[in-house]
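Everything below concerns the one structure shown next.
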Amino acid sequence: MEGRESYLVEITSKAEQYYWKLLAHLYETHSVQSANKKSDEIIELAMSLDVNPQRGSLEEDLASFNKEFRSIIYHITKRKTVKIVYFIDEHTNKVYVTDFFATLMNPDKKRKRS
């Protein structure tokens, strides 16, 4: 589509580590089919930030950093979600995914991880 700005989505090495830990948990707590589906959907959602990455919510608890962190939510179950945390570099048209944060985790950990 013409006129739509596209961004390159990059998953940081730390975010990749968090993603693998999240996958380990998914495979422990879900069927293989369900875990496969959820893992694919999480990555697809992260990669969808290539178009309109501003759609994510601002992460107010990360406002003290020099970047404007945002997040989008993936629902694992009705009560369990994963926040895909990222920031946008408008100068290079890149989106950097910095975390895959299970929202049942202690929220204070998010500041240390991002």
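Any read-out appearing in this document is the output of simple, stated calculations on the displayed coordinates, not a laboratory observation. Note that the structure is a prediction, hence the values are computed from the model and not measured. FYI the Cβ positions are ideal-geometry reconstructions off the backbone, even for glycines, and counts take in every protein chain you see.
Close amide H contacts of D99 (hydrogens built in the peptide plane, cut-off under 5 Å, sequence separation of 5 or more or a different chain): V85. Considering only Y86, V9, S39, and ranking their Cα positions along the charge dipole of region 8-113 that arises from unit charges at the beta-carbon of Lys, Arg, Asp and Glu, the one farthest toward the positive end is S39. Counting every alpha-carbon pair across region 8-113, the share separated by more than 16 Å comes to 56%.
Computed from point charges on the beta carbon alone (+1 for Lys and Arg, -1 for Asp and Glu), the dipole magnitude for region 8-113 about its Cα centre is near 460 Debye. For region 37-91, the fraction of C-alpha pairs farther apart than 17 angstrom is 40 percent. Within the listed set K78, K14, K37, the Gaussian network model of the chain (springs between alpha-carbon atoms below 10 Å) gives the highest mean-square fluctuation for K78.
When S39, S64 are sorted by how many other C-beta atoms sit within 10 angstrom of their C-beta, beginning with the fewest, the order is S64, S39. Per residue, the chain reaches -11000 deg cm²/dmol at 222 nm when only DSSP H runs of four or more residues are counted, each adding -39500 (n - 2.57). Between S6 and H75, the contour length at 0.36 nm per residue exceeds the Cα-Cα span by 22.3 nm. Neighbour counts of C-beta atoms inside 10 Å place Y7, Y86 in the sequence Y7, Y86, starting with the fewest. Within region 76-92, whose backbone N sits under 16 Å from a point 7 Å along Cα→Cβ of S48? The answer is 76-77, 81-86. Computed extension gain for V32 through L58, at 0.36 nm per residue and net of the alpha carbon distance, reaches 6.0 nm. Counted over the chain, the DSSP beta bridges are approximately 80% antiparallel. Remark: relative contact order (region 8-113) = 30 percent; criterion is Cα-Cα distance under 8 angstrom and separation of 6 or more residues.
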